[in-house]
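In what follows, a single structure is set out as structure tokens and then discussed.
Computed from the coordinates by the stated procedures, all read-outs in this text should not be read as laboratory data. Source: prediction; values computed, not measured. FYI the Cβ positions are ideal-geometry reconstructions off the backbone, even for glycines, and counts take in every protein chain you see.
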Amino acid sequence: MLTQAENDFLTRTGPGTPMGDLLRRYWVPILGADELPHPDCPPVRVGVMSEKLLAFRDTQGRIGLIDEFCAHRGVSLWLGANAGSGIRCPYHGWKYDVTGQCTDLPSEPALCAKIKLTAYPCIEKGGVIWTYMGPPELRPPEPAFEWAEVPASRRFISRREQECNFLQAMEGGIDSVHVSFLHSGDLKSDPLHVSRGAQFTASTETRFEVVETDGGMVIGVRRPAEEGQLYWRITQWVMPFHTMIPPYGDNALNGHAWVPVDDHTVMTWCFTHHPTRDLTGAELETMRNGGGIHVKLIPGTHRPAVNRGNDYMIDRAAQSGGRSLSGVSGISMQDAAVQESQGAIQDRTREHLVSTDRAIILARRRMRRAAEAVAAGKAPDGIGPAAQRVRAASVLLPEDEPFFEAASEALVARDGVAHASV
């Protein structure tokens with residue numbers, strides 16, 4: 001368990017907090033590129049790490065991410081018009097460009113050059129708009145995750161709001177053991193999970209091994225398989241909040257990014273991609289309808305249709321009939337339900353961790369060390385391409401073979417090479 005001070009250190013990500021300073025040293029996904037579809041389109045509110053910001057695409061197609069509120073009297077610029085290379089406040093006409101600079105102050109033009117809002121640089125890659133919120137002189141290389149570099153026809157991306165702190169959501173992403181319990185029903189029915197490997201995953205006889213890497217951790221969980229072999233599900237955690245899920249059969253690879261909106265809300269990004277082929281129509285239809293790691297949303301929002309407000313539409317008959325341990329429909333909403341039930345910020349002073357929680361323990365230590373290193377003026381881990389060009393895998397190995405060494409090639413993303421999967 002953690003002390004309250006340790007829990008606060010890991011979960012608070014606002015400006016000026018140690019964890020907030022760490023997360024701001026990475027490129028952060030904030031919007032789908034299709035949410036700013038063309039120059040001078042309507043702006044979009046963006047909440048990230050307790051900052052309220054506004055994103056817009058200007059007349060030249062440049063993307064801006066600036067403080068949401070006008071420097072004059074705090075009016076939301078979301079109400080303003082995006083035209084003529086900037087956002088104009090509707091209250092008194094003050095106008096701002098993508099750098100946050102005031103470019104027009106009709107009542108007192110001489111003051112214009114002195115007014116500037118907070119602004120963060122943005123890039124567009126892999127169908128996603130990313131921002132960097134750290135010191136400009138320490139800007140890292142562009143993101144190099146495989147899903148962001150394959151053709152658009154090979155990926156599917158969604159995102160949803162989750163009503164809890166980012167840390168407990170991310171910890172769920174590196175807890176491979178829960179799959180045998182929480183998702184046991186879906187391993188038999190979800191078309192993007194049904195496979196030979198899913199049959200092995202049903203076993204609750206597990207052993208956990210963790211290897212720290214330069215950019216995060218590799219987490220191996222073994223289960224009994226055929227005679228003389230073990231089935232290994234190998235998860236990747238890439239600093240600071242990316243997780244990659246072991247695949248099933250020829251199904252695509254999946255992963256998440258757990259981006260804090262504020263200390264009580266996380267934007268859960270869901271990435272599905274296949275390294276060597278286009279996603280099929282059936283796969284896309286399944287994901288659009290909430291299959292795999294994706295969920296159905298309330299139209300016009302990022303709030304899941306199944307949510308805490310409607311008690312996750314829990315099916316007690318499915319529970320009592322043994323079809324679902326949780327009674328919640330859908331893999332991602334099962335995760336969200338249990339994680340939200342822990343509270344807006346889990347009270348880790350009351351938990352009792354066991355051997356299968358080793359990855360969670362190490363991730364907490366790693367993040368604390370990284371935040372302390374950044375505070376001391378050092379560079380954080382995992383900001384370079386080598387740390388991000390990795391994959392999750394599922395493999396069958398002889399009982400006496402170390403998983404990390406045996407699966408080392410399968411854990412690296414290589415162009416034109418399919419992923420390792422059972």
Ranked on Cβ counts within 10 Å of their own Cβ, fewest leading, MET133, MET19, MET1 go MET1, MET133, MET19
Cα centroid of the range 36-91 to Cα centroid of the range 242-295, whole Å = 29
Principal axis dimensions, largest first and in whole angstrom, of the range 300-422 by Cα = 46, 43, 39
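Can you give the net charge of the other residues whose Cβ lies under 14 Å from the Cβ of ALA305, counting K and R as +1 and D and E as -1?
Here the count lands on +3.
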Remind me, what semi-axes does the range 23-147 give for its equivalent ellipsoid, largest first in whole Å, using sqrt of 5 times each Cα gyration tensor eigenvalue?
-> 26, 16, 12
With +1 on the Cβ of every Lys and Arg and -1 on the Cβ of every Asp and Glu, the dipole magnitude of the range 31-138 about its Cα centre, in debye rounded to the nearest 20, is 180
Out of the range 18-92, which trypsin sites (Lys or Arg not before Pro) are coil in DSSP terms and have no more than 13 other C-beta atoms within 10 Å?
-> ARG73
Compare the peptides 261-269, 242-250, 313-321, 375-383 by average per-residue count of other Cβ atoms within 10 angstrom and give them in order, highest first.
-> 242-250, 261-269, 375-383, 313-321
Solvent-free Debye scattering, log10 I(q)/I(0), computed from the Cα coordinates of the range 152-221 at q = 0.17 Å⁻¹ = -0.92
J(HN,Hα) series, the range 328-340, from Karplus relation 6.51 cos²θ - 1.76 cosθ + 1.60, nearest Hz, glycine and proline x = 9, 8, x, 4, 5, 6, 4, 4, 4, 4, 6, 6, 5
So for ILE298, ILE63, ILE87, fewest C-beta neighbours within 10 Å to most, what's the order?
-> ILE298, ILE63, ILE87
Which listed pairs, of LYS95/LYS296; LYS188/LYS296; LYS125/LYS188; LYS296/LYS378, have C-alpha distances above 31 Å, in listed order | LYS95/LYS296; LYS125/LYS188; LYS296/LYS378
Taking the Cβ-Cβ separation of THR59 and GLU6 as r and a Förster radius of 45 Å, what is the calculated FRET efficiency to the nearest 0.05?
-> 0.40
Positive dipole terminus of the chain, leading residue within THR59, THR268, GLY330 (C-beta point charges) = THR59
Within the range 60-139, which chymotrypsin sites (Phe, Trp or Tyr not before Pro) sit in a loop by DSSP and count at most 15 neighbouring Cβ atoms inside 10 Å?
-> TYR91
In degrees from 0 to 90, rounded to the nearest 10, what is the angle of the helix 358-375 Cα long axis to the longest principal axis of the chain?
-> 30
Positive dipole terminus of the range 31-138, leading residue within THR99, PRO109, VAL128 (C-beta point charges) | PRO109
Quick one: pull the percentage of alpha-carbon pairs in the chain with a separation above 41 Å.
-> 16
What helix-only [θ] at 222 nm does the chain give? Using -39500 (n - 2.57) per DSSP H run of at least 4, over all residues, to the nearest 500, the answer is -5000 deg cm²/dmol
Out of GLY416, ALA359, ILE345 - ranked by how far each Cα lies towards the positive end of the dipole of the range 311-422, with unit charges on the beta-carbon of charged residues - the top one is ILE345
For the residues HIS92, HIS193, what sequence is obtained by ranking on other C-beta atoms within 10 Å, fewest first?
-> HIS92, HIS193
With springs connecting C-alpha atoms under 10 Å apart, model the chain as a Gaussian network and identify which of GLY197, GLY300, GLY330 has the largest mean-square fluctuation.
-> GLY300
